[in-house]
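Here's the structure we're looking at; comments come further down.
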Amino acid sequence: MTERSDAGVHGLTLAEKASLTSGGDAWHTQAVPAAGIAAVMVADGPHGLRKQTATGGDALALSVSTPATCFPPATGLGSSWNTALIEQVGRAIGREAAAEGVSVVLGPGVNIKRSPLGGRNFEYYSEDPVLAGRAGAAFVRGLQSTGVGASVKHFAVNNQESDRMRVSADVDERTLRELYLPAFEHIVTTEQPATVMAAYNKVNGVYCSQHRWLLTDVLRGEWGFGGLVVSDWGAVVDRVAALSAGLDLEMPPRAGGDAELAAAVARGELAESVLDAAAARVLALVASAPPSVPADLDAHHGLARRAALESAVLLKNDDDVLPLAPDAGSIAVVGEFARSPRYQGGGSSHVLATRVDDALSAIEALAPGRVAFAPGFTLDGRPDPRLVTEAVALAGRAQTVVVFLGLPEHAESEGLDRTGLDLPADQLALLDALAEAHEEIVVVLSNGSPITLAPWQHRVAAILEGWLLGQAGGSAIADLLFGVANPSGKLAESLPVSLRDAPSYLHFPGGDGHVRYGEGIYVGYRYYDTLDVPVAYPFGHGLSYTSFGYSGLRCRRTGPNTVAVTFTVTNTGERAGAEIAQVYVHPIDPGLDRPVHELKAFAKVTLAPGASTTVTLTLDERAFAYWSPGRSCWTVDPGAADIQIGASSRDLRLCERVELDGDAERPGLTADSTLGEWLTAPEGDRLRAALAAAGHAGALGLADGGLPPMPAATPLSRLVSFLPGLTGADIEELIRAARDTGDGSRTGHGHGRRRDRRPA
Ligand code: BGC
């Protein structure tokens, strides 16, 4: 029933228009039958469809939903670094949504993993905005190719669950621009998602759902967003303020809300044109309802398995204990998670899987007659010494021990941040006992966010970090353990040695209604690598059963501040495998504090043994820019930067230096520029001469070419306070003299500190 939807809002009554801007129930927009306007359905996301079967007001209770394919949550998918694969997952979820008559899937979630304690980290891709943005864009591309709309969430700075509906994320603009907004910006500017979801929290004191700067100035004004802004469920506090700020649709509806809104318009508190624009965006969404086609759930299970294979990260593999040889004797499989897989997190993203592969059955199928199992612990975490004794006895009789450990589902859920990074105590006790009894232990982990590995990792031979792998994770793990598939995931977040090392440690989760982002831009490897803080495993790390060589780096400037990067990756081992090559930019002598390096591009390449491939990646101007707090804009400094090619952020294989022109427009030197800025600029010598001629060189300590720190840090205009008799007019005269080149031309360009390093 879409015949009215493209006809615009003209002819609708005020009440009808107001009704369009809130839901009809928790999961539908509101129909206007008198005007022939249908309702459309929205449903969670993000790693599978969660279409609640009860569509009443139970948005908090999360009642039963329709079975759907549970793909690896973003914590897994992000570790695949495979955008083509993530696009396929998005497409599959779109097909399942379309088959169920769902118009919008509430995902992807692209918030930055600020703290390893973040309760919804399992729903997010990375600590890095480039990786999160590329992954999220791929998901949206795939999803929207089916006609189903995406809802990119949670906009913005929604990085914790503690006090999530009220807390103010207090964060400076540079940090916002460089870290917390770019993933959204990339997705909006490249994929035009149908909707963006305004988060629960406040940013710098203003609710996101009422944040005009975020929703209108930045999202629509700067990024050109043409879609609909929907509230997170229950995120609207003041609907009039929200619509004025740029929100279009409140979900779920509240009793009497539409009438209040219409009355506010009638009273002149909200311009009717604002309501019209919001209602028109809802109509556009209704008009774009996708055609319903059946989804192939078997094929999607296969895709979920491929996605899981690429999402697991092999952290450690001493003496190549993995892969397990098919004929290598008896295997003790220990750990309840082997038969009761932990494969997703709790809360609104929880999918009722169509089926679930457990690792134990898959291992038994690959090594028939050689596998024995002991649960070792219970899912409720209650210590049971008998289970430990049984597991140790089993391990003692086996050639190889594979232990499945991880976090129970109740430890990782929407609505709750974690309080520590350790595995449950009963699992640690089990591991301790096993390590006493056996030399060669393989650990498989299931956890949505980092756990501490340092206390025990030296006691085990191999660690396969499975994150959360979705419904086919069990069979994927078996394939990886036996080398049926080769691990190819890499860490999308750093694994700290301990919680105290985390940069947000002192500032998470805040209190008294505020969380201060005191670590600023130094999140994840931006902090660990800049300060050389030891980590358990660095960002971008992940092993393979083969090895890769890097060679032939060439960096070619394609413009004043753009570079094409080319290099070769070779599979130097004996098995086919995939490598994730990472491109970092390291600014040389930056004009303000910057991370030692930042990820700017990456490529995942699959290679047969001995095969090579040439990778070409382009770095645009943004790859070299920082957000200038002084100029309030993106800025590229003139000067040098190193292009580093890494197998991880701490395994840099190739490096080449490039020279950048910097921004064409630099602020000119003025009376407000310091003596130091003037004297190191091309105009410096002339100013020095003019000051000497006026008899000020001695008082300023400039004799013999010197420049003492205190005068150097003094703006020219303030010299009137320090040089007796000097007037504002004299300063103007000095500036004129400095700018007068004597050949009729005058200089007017900016701070020249770096100009002398520009390429000729
Ligand atoms: C979550 C959203 C979700 C919505 C609808 C909220 O609690 O924050 O991510 O899409 O509920 O279930």
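The values are calculated or read from the model by the stated rules, or taken from the named source; none is laboratory data. Just so we're clear, the structure is a prediction, and the values are computed from it rather than from any experiment. Cβ sites come from the backbone with ideal geometry, for glycine too, and all protein chains shown count toward neighbours. What goes into the accessible areas is simple: the full protein's heavy atoms, side chains included, and nothing from ligands, DNA or RNA. Shrake-Rupley method; radii C 1.70, N 1.55, O 1.52, S 1.80 Å.
Observations on the structure shown:
- Residue 384 being in contact with a Phe, Trp or Tyr (Cβ under 8 Å, 6 or more places away or on another chain) and either open to solvent by 20 Å² or more (accessible area, probe 1.4 Å) or without any contact (Cβ under 8 Å) to a residue 12 or more places away in the chain (or both): yes
- Of all residues in segment 538-596, those satisfying the criterion of being β-branched (Val, Ile, Thr) and part of a strand (DSSP E or B) are 558, 562, 563, 565, 566, 568, 569, 570, 580, 583, 585.
- Residues being under 30 Å from residue 71 (Cα atoms), open to solvent by less than 40 Å² (accessible area, probe 1.4 Å) and assigned to a helix (DSSP H, G or I) - total across segment 256-313: 12
- Condition met for residue 226 (in a loop (DSSP other than H, G, I, E, B), of a type outside the set (A, V, I, L, M, F, W, C), within 16 Å of the ligand (Cβ to nearest atom) and surrounded by fewer than 19 Cβ atoms within 10 Å (Cβ to Cβ)): no
- Neighbours by Cβ (under 7 Å, 6+ apart or cross-chain): first from segment 117-128, at pLDDT below 95; second within 13 Å of the ligand (Cβ to nearest atom) and open to solvent by less than 10 Å² (accessible area, probe 1.4 Å): none
- Scan of segment 154-188 for residues that are open to solvent by 20 Å² or more (accessible area, probe 1.4 Å) and within 16 Å of the ligand (Cβ to nearest atom), ordered by number: 162, 163, 164, 165, 166
- Odd one out for residue 604, checked against (1) out of contact with any Gly (no Cβ under 8 Å at 6 or more places or on another chain); (2) open to solvent by less than 10 Å² (accessible area, probe 1.4 Å); (3) farther than 30 Å from residue 680 by Cβ: (2)
- Residues in segment 281-319 that are within 14 Å of residue 73 (Cα to Cα) and polar (S, T, N, Q): 1 in all.
- Residue count for segment 167-207 satisfying the condition of being among the β-branched types (Val, Ile, Thr) and assigned to a loop (DSSP other than H, G, I, E, B): 2.
- Which listed residue is within 14 Å of residue 336 (Cα to Cα), assigned to a strand (DSSP E or B) and either at pLDDT 95 or above or within 16 Å of the ligand (Cβ to nearest atom) (or both), from 377, 404: 404
Yes/no matrix, rows are residues, columns are (1) at pLDDT 95 or above; (2) on the phi < 0 side of the Ramachandran plot; (3) more than 27 Å from the chain's Cα centre (by Cα):
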| residue | (1), (2), (3) |
| --- | --- |
| 625 | yes, yes, no |
| 630 | no, yes, no |
| 639 | yes, no, yes |
| 644 | yes, yes, no |
| 649 | yes, yes, no |
| 655 | yes, yes, no |
| 664 | no, yes, yes |
| 667 | no, yes, yes |
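- Counted residues, segment 700-733 - those being farther than 16 Å from residue 674 by Cα and small (Gly, Ala, Ser): 4
- Scanning segment 478-509 for residues that are open to solvent by less than 10 Å² (accessible area, probe 1.4 Å) and not in a loop (DSSP other than H, G, I, E, B) turns up 478, 480, 481, 495, 496.
- Tallying residues that are open to solvent by 20 Å² or more (accessible area, probe 1.4 Å) and either closer than 26 Å to residue 113 by Cα or within 23 Å of the chain's Cα centre (by Cα) (or both) within segment 419-431 yields 6.
- Filtering segment 125-143 for residues that are in a loop (DSSP other than H, G, I, E, B), crowded, with 24+ Cβ neighbours inside 10 Å, of a type in the set (Ser, Thr, Tyr) and within 12 Å of the chain's Cα centre (by Cα) leaves a non-empty set.
- Qualifying positions in segment 189-214 - among the hydroxyl-bearing types (Ser, Thr, Tyr), closer than 19 Å to residue 108 by Cα and within 16 Å of the ligand (Cβ to nearest atom): 195, 200, 209
- With respect to the conditions (1) open to solvent by less than 20 Å² (accessible area, probe 1.4 Å); (2) within 23 Å of the chain's Cα centre (by Cα); (3) over 21 Å from residue 494 (Cα atoms), residue 434 falls short on a single one, namely (2).
- From 379, 428, 366, 423, residue being in contact with a Gly (Cβ under 9 Å, 6 or more places away or on another chain) and not small (Gly, Ala, Ser): 423
- Per-region count, segment 229-255, residues among the small types (Gly, Ala, Ser) and surrounded by 22 or more Cβ atoms within 10 Å (Cβ to Cβ): 5
- Remark: residue 367 matches the filter, which requires a residue to be more than 28 Å from residue 81 (Cα to Cα) and in contact with a Pro (Cβ under 8 Å, 6 or more places away or on another chain).
- Consider segment 95-124 and keep the residues that are in a helix (DSSP H, G or I) and within 16 Å of the ligand (Cβ to nearest atom). The one that is surrounded by the most Cβ atoms within 10 Å (Cβ to Cβ) is 121.
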